[in-house]
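Asks: Once you've had a glance at the structure underneath, I'll fire off some questions.
The values are calculated or read from the model by the stated rules, or taken from the named source; none is laboratory data. Values in this document were obtained by computation on a predicted structure and should not be read as measured data. Cβ placement follows ideal geometry from the backbone for every residue including glycine, while neighbour counts extend to all protein chains displayed. Surface areas here come from the heavy atoms of the whole protein model, side chains and all, with no ligands, DNA or RNA. Shrake-Rupley method; radii C 1.70, N 1.55, O 1.52, S 1.80 Å.
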Amino acid sequence: MNKTPGTPAAQSLQSAQAGADSAEIVVFLADLRKSYGNFDAVKDFTLNIHKGELVCLLGPSGCGKTTTLRMIAGFIEPTSGRIEISGQDVSLLPPYKRDTGMVFQSYALFPHMSVEANVAFGLENLGIAPDKRKNRVLEMLQLVELEHLAGRYPKELSGGQQQRVALARALALHPAVLLLDEPFSNLDAQLRIRLREELRKLIGRVNITTIFVTHDQEEALMLSDRIVVMRNGGIEQIGTPEDIYENPGTRFVAEFIGNCSLLQGMVKDGVFTSETGLSIPAPGRKDGNCLLVLRPEYIRPASGKALGQRYAGLVESSDYYGSLTRIMLSVGRDSFLLEAHFPPGTRPRKGDRLELEIDPHGVRFVEA
Amino acid sequence: MQAGARDKAMAVTGLILRASVYITLALPAVIVVISSFTAGESLRFPPEGFSLKWYKAAVNSEPFMTSLWVSVRLACISTVLSLLIGLPAAFALDRYAFRGKELFRTLALSPLVVPMVVLGLGLLQFMAWLGWNQTFWSLLTGHVLITLPYVVRTLTAGFFMFDKRLEQAAMNLRATPWTVLRRITLPLLAPSVISAGVFAFVASFGNITISVFLGFGGETTLPVQIFTYVEHSYDPILAAVSTLVIVVTLTVIAIVEKFSGMDNIV
Amino acid sequence: MAGSRTKLALLLAPPLLLLVTFMLLPLLGLFRSSFFVGSGPIASGFSFEQYAKFLLDEYYLGVLAETIGIGLSSAVLSVLIGYPVGYSLARLPAEKRRRRLILVILPMTLSLVVVVFGWLVALGRNGLLNSILMGLGVIDSPGRFLFNRAAVLLVLVQQYLPFMILSVMSGVAQIDPVLEQAAANLRADRFTTFRRVILPLSIPGILSGFTLVFILSVSAFITPKLIGGSRVQMIGSLIYEQVLTVLNWPFSAAMSFVLLTLTLGLTALANTLLAVRFTADQGKKHASRRA
């Protein structure tokens, strides 16, 4: 496994970039565009994906992520731009001549074929000899731990099993790139979490370059080496999960991934002043209008030792989530979101006054 | 590449085939309409000149006009009767579980698959035995019987597509059963009832296979009149009368297109 | 509970009354009269002479063979021609499909005599086909295109093709188009995708269309009578003549039951095939044996 170790933000950003230079590029998308009339489903999409990398296209529905994936697989013809797989320009090739393996959202298992026949299907099309084919099918079914169900038909499998068959079927061809289209959306919440972990292990084991599409930020953060956040057909930000979460490049990314407090205001001489007059130190930030982004972890109820300036606020809402309580706090006309665990009986209620302090390391700014 | 060529060949063959199928399907009707405007004395294609004289002849021909009236009357009455009988049948098939349900469904749809000659002969014999032979009643019975499957099929499809939760929602909003029927169920089922009615009408109006056994001699329908005429002589008045049949059919079908769309009935 | 029973009885009574009185009873009566002795509309007695007359006579057996031959050819041709059309309809966007469907459904709604009459004009001495061929200089004098087996077959296929198209269309519509993409992703070209994925999954639609077209074709009597004339005798036109011209009702009744047996036989065969295929395909037995 030549994957980036998940360590602090700055370091992993560096190593991801270093990896980008050294590793072989498997998928290269250059200035990809897909237009339907005047509407651009995907635009200005340029991306390199390296060998062994797991890249996620993340965004709300209609952002163009699925269209991009389908263009790579060849089901949608790009309006302009180029797609290269393993150095070969495949932009004009039909899907069946592209070296991709896709797991569809609905799995798309052939209902009239057994599990075994489903996995063998692609190998037959490649003209692989029967004995070799048989071995490969067995190997794949062992990989997904389904060899005991080889004779079953898709209808007789659970959702999770069907997904593993789809995966085995796609991997059997040893494609250059594995494409996953919302692979967990058809499963219930508990199964989703379990299969997510299984999938990560499995992909790690075969070390295959993978692109997957999701609208679930948690899934993206947990699985990916790199996340491409998309919005309105374009790329909003590319980065490691830590990077995307800790250093959102735009207001959209800050709001779409995780929770945050947003304060409108301006910076002058290293100090941010919110519209209502709240001031927060902003060393190094250039002067001008901007938005202050604060993740809830960097805000906490004031306690004995002061971390920085304290702000007194009024609890607007207090929602109990078990392991933590999510509190909306208004300070003047600004509002803050904080998440904290309170010992039983000490949880603030709506209307209580609460003092909070901000960890200066967590303060980020994006363009207003 | 070989595979690419095979794909292309498939695409081109498919295109040509589809085009010729659509042309062939429309061909007989188009030919009839065009040749009805001939100015000549005999049926030929392409026709000679243009005139409406064969329409004049058709309108002035008593046998054709009488049988047109019989056909229209028959189609209207059998449509109404067929709907009256088919609606409860479809409703029962949709809302009730009962023993022999599938048998009942098969029975209700079977007039479609029993060969018409067989059904026609059976009814002819039965009507003779009842003493109803060659009456409007025997024609009507035959037509209700053969239009019933269209009605039952279209309506059960309509009932099946109907989301029963809408009725539950209405009841939850304090609607009485009568209000539910009037404001929810009937308006939503109207398109299928219209489709069913239209299909019953055109099936009855155009029918020849059963009418030919039941309507000989006495009152006869327009298709039977055309059939007997075509057996003996062959002139452009037939094209004019046939065009009238086409026009009636198209008009009625236009209704179904307007209200519910063709997709509803298949 | 008693109320709902009564309601159900009231709902079922009218259709049952109609179907039993005017379909089952007449068919039963017909069955009974197929065993009558004699050859007029009024006959009685019990014998197998009508069936014997049909089944032991070379001419009638020839007509039966001709009927089955035309029925099978018509059904096979309809599959070959109708499949691509039905498939493409199923895969069209809804708006386009709606427009094309009108073209498919209209011929079904039009009176059979009008359609047959149109073909008489198209294929007749002074008809479209002769005009075209003479215009092109292929032939010098009008050819005879009516009153042969090919003409009957052409007209039957044109009439019943819409049933096949609709049957295939509704079958294919149930096949998830994503399966085709999955096949393409697994390196299958369009032809392989068709052969290995689409065709096997559309067998039910094809089979039901095939059965319907066969039944309709072997039961035809207007078309063979007008298009085939005396040259092409099918069992339907034979029955028609025996009923209305010769007035030999008992013999017609016997022939009717030969025809009915033929159509019911094929329907049963198709259903059995479908049932066998389905259990084999879904692997129910297979899997339960393994488990």
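Asks: In whole Hz, with x marking every Gly and Pro, tabulate ³J(HN,Hα) for region A:351-365 from phi via Karplus 6.51 cos²θ - 1.76 cosθ + 1.60, θ = phi - 60°.
Replies: x, 5, 9, 8, 9, 10, 10, 10, 6, x, 5, x, 7, 10, 10
Asks: Please go through region A:261-368 and write out the chymotrypsin sites (Phe, Trp or Tyr not before Pro) that DSSP classes as loop and that have at most 15 other C-beta atoms within 10 Å.
Replies: A:Tyr321
Asks: Can you figure out the FRET efficiency of C:Met134 with B:Lys8, using R₀ = 45 Å and their beta-carbon distance, to the nearest 0.05?
Replies: Efficiency at R0 = 45 Å is approximately 0.80.
Asks: Can you give the FRET efficiency to the nearest 0.05 for C:Val76 and A:Val271, using r as the Cβ-Cβ distance and R₀ = 60 Å?
Replies: 0.10
Asks: Kirkwood hydrodynamic radius for region B:109-211: how many Å is it when counted over pairs of different Cα atoms?
Replies: Evaluated over region B:109-211, this radius sits at 15.9 Å.
Asks: Right, next: With just the Cα atoms defining each centre, how far is region A:146-173 from region B:167-239? Give it in Å.
Replies: Between the Cα centre of region A:146-173 and that of region B:167-239, the gap is 50 Å.
Asks: Using 0.36 nm per residue, how much length does the chain from A:Arg194 to A:Leu93 gain when fully extended, once their Cα-Cα distance is taken away?
Replies: 32.7 nm
Asks: So what is the calculated 222 nm ellipticity per residue for chain B, using -39500 (n - 2.57) for each DSSP H run with n of 4 or more, over all residues, to the nearest 500 deg cm²/dmol?
Replies: So the calculated ellipticity at 222 nm is -25000 deg cm²/dmol.
Asks: Put simply, what bits of region C:2-20 lose 10 Å² or more of accessible area when the other protein chains are there, versus the chain on its own (1.4 Å probe)?
Replies: C:Ser4, C:Arg5, C:Lys7, C:Leu8, C:Leu11, C:Leu12, C:Pro14, C:Pro15, C:Leu16, C:Leu18, C:Leu19
Asks: So, one more: Determine the dipole magnitude for region B:61-264: charges of +1 sit on the beta-carbon of Lys and Arg, -1 on that of Asp and Glu, nothing else is charged, the reference point is the Cα centre, and the result goes in debye to the nearest 20.
Replies: Taking the Cα centre of region B:61-264 as origin, the dipole is about 1020 debye.
Asks: Another question about this same structure. Taking H placed 1.01 Å from N in the peptide plane, check which residues at least 5 places from B:Ser51 or on another chain put their amide H under 5 Å from its amide H.
Replies: Distant-sequence amide H within range of B:Ser51: B:Thr38, B:Ala39.
Asks: Could you tally the net charge around B:Ser82, taking each other residue with its Cβ under 15 Å from the Cβ of B:Ser82, Lys/Arg +1 and Asp/Glu -1?
Replies: So the surrounding residues net to +2.
Asks: Let me ask something else about it. In region B:73-126, which trypsin sites (Lys or Arg not before Pro) fall in coil by DSSP and have 12 or fewer other Cβ atoms within 10 Å?
Replies: B:Arg99
Asks: Let me ask something additional. What does the helix-only formula give at 222 nm for chain A: each DSSP H stretch with n ≥ 4 adding -39500 (n - 2.57), the total divided by the residues, and the result rounded to the nearest 500 deg cm²/dmol?
Replies: -8000 deg cm²/dmol, from helical runs alone.
Asks: Could you work out how far apart the two model spin labels at B:Val59 and B:Trp129 are, taking each label as a point 7 Å from the Cα in the direction of the beta carbon, and quote it in nm?
Replies: The modelled label-to-label distance comes out at 4.7 nm.
Asks: Hey, in the GNM for chain A with a 10 angstrom Cα cutoff, which one of A:Lys65, A:Lys43, A:Lys134 fluctuates hardest?
Replies: Judging by the Gaussian network model, the answer is A:Lys134.
Asks: Shifting gears a bit: For a quick check, take a GNM of chain B with Cα springs below 10 Å and name the residue from B:Ser204, B:Ser82, B:Ser61 with the largest mean-square fluctuation.
Replies: Comparing B:Ser204, B:Ser82, B:Ser61 in a Gaussian network model of chain B, the most mobile one is B:Ser61.
Asks: Considering only DSSP beta bridges with both partners in chain A, what is the antiparallel share in %, to the nearest 5?
Replies: Of the beta bridges lying entirely in chain A, close to 75 percent run antiparallel.
Asks: If you don't mind, there's one more thing I want to ask. According to the square roots a ≥ b ≥ c of the eigenvalues of the Cα gyration tensor, what is the shape class of chain C, taking rounded for a/c under 1.5, prolate for a/b larger than b/c otherwise, and oblate for the remainder?
Replies: Oblate, because a/c is 1.5 or more while a/b does not exceed b/c.
Asks: Follow-up question, since we're still on this one. Computed on protein heavy atoms with a 1.4 Å probe, what is the summed buried accessible area for the chain pair C and B, in Å² to the nearest 100?
Replies: Chains C and B together bury roughly 7400 Å² of accessible area.
Asks: How high is the FRET efficiency from C:Leu17 to C:Thr261, r the C-beta distance, R0 30 Å, rounded to 0.05?
Replies: Between C:Leu17 and C:Thr261 the formula returns 0.65.
Asks: Moving on to the next point. Tell me the Kirkwood hydrodynamic radius of region B:61-264 in angstroms, computed as one over the mean inverse distance between distinct C-alpha pairs.
Replies: Final number for the Kirkwood radius of region B:61-264 is 18.5 Å.
Asks: Please list, in chain and number order, the residues 5+ apart from A:Val103 or on another chain whose amide H is under 5 Å from its amide H, with Hs placed from the backbone.
Replies: It is A:Leu179, A:Leu180, A:Asp181, by chain and number.
Asks: Please give the net charge around B:Arg174, taking every other residue with its beta carbon less than 15 angstrom from that of B:Arg174, where Lys and Arg add +1 and Asp and Glu add -1.
Replies: +1
Asks: What nm distance separates the two modelled labels at B:Leu181 and A:Ser330, each placed 7 Å from Cα along Cα→Cβ?
Replies: 5.5
Asks: So what is the 222 nm mean residue ellipticity for chain C from helices alone, if each DSSP H run of at least 4 adds -39500 (n - 2.57) and you divide by all residues, rounding to the nearest 500 deg cm²/dmol?
Replies: -23500 deg cm²/dmol
Asks: How many percent of the accessible area of region B:61-264 is carbon or sulfur, using a 1.4 Å probe?
Replies: Accessible surface attributable to carbon and sulfur in region B:61-264 totals 68 percent.
Asks: Another question, then. So what's the gap between the Cα centers of region A:309-367 and region A:60-86, to the nearest angstrom?
Replies: Taking the Cα centre of each part, region A:309-367 and region A:60-86 sit 42 Å apart.
Asks: Please work out how much length the chain gains when fully extended from A:Ser158 to A:Asp352, using 0.36 nm per residue of separation minus the C-alpha to C-alpha distance, in nm with one decimal.
Replies: Result for the pair: 64.9 nm of gain on full extension.
Asks: Measuring with a 1.4 Å probe in the full set of protein chains, what accessible area per residue, in whole Å², belongs to region B:61-264?
Replies: 42
Asks: Scan chain C and hand back the longest stretch that contains none of the chymotrypsin sites (Phe, Trp or Tyr not before Pro) lying in DSSP loops with at most 16 other Cβ atoms within 10 Å.
Replies: C:148-291
Asks: In whole angstrom, note down how far apart the Cα centers of region C:220-240 and region C:138-163 are.
Replies: Centre-to-centre (Cα) distance: 14 Å.
Asks: Could I ask something else about it? Let a ≥ b ≥ c be the square roots of the eigenvalues of the Cα gyration tensor of region C:153-212; is it rounded (a/c under 1.5), or, if not, prolate (a/b larger than b/c) or oblate?
Replies: prolate
Asks: With labels modelled as points extended 7 Å from the Cα through the Cβ direction, what inter-label distance (nm, one decimal) is found for B:Lys101 paired with A:Asp287?
Replies: Going from the B:Lys101 label point to the A:Asp287 one covers 8.0 nm.
Asks: With a 1.4 Å probe and every protein chain left in place, tell me how much accessible area B:Val33 has, in Å² to the nearest 10.
Replies: Surface open to solvent at B:Val33 totals about 50 Å².
Asks: Express the carbon and sulfur contribution to the solvent-accessible surface of chain A as a percent, rounded to the nearest whole number, probe 1.4 angstrom.
Replies: 49
Asks: Convert each backbone phi in region A:156-162 into a coupling constant with the Karplus relation 6.51 cos²θ - 1.76 cosθ + 1.60 (shift: θ = phi - 60°), then list the ³J(HN,Hα) values in order as whole Hz, x for Gly and Pro.
Replies: 8, 10, 6, x, x, 5, 4
Asks: Residue by residue, what Karplus-based ³J(HN,Hα) values in Hz, rounded to whole numbers, does region C:104-113 have, using 6.51, -1.76 and 1.60 with θ = phi - 60° and x for Gly and Pro?
Replies: The phi angles translate into 7, 7, 3, x, 6, 8, 6, 4, 4, 4 Hz.
Asks: Go through region C:213-236 and flag every residue whose accessible area shrinks by 20 Å² or more with all protein chains in place compared to the isolated chain (probe 1.4 Å).
Replies: C:Ile215, C:Ser219, C:Phe221, C:Ile222, C:Lys225, C:Leu226
Asks: Name the chymotrypsin sites (Phe, Trp or Tyr not before Pro) in region B:1-108 that are in a loop by DSSP and that have at most 16 other C-beta atoms within 10 Å, would you?
Replies: Sites meeting the loop and neighbour criteria: B:Phe50, B:Tyr96, B:Phe98.
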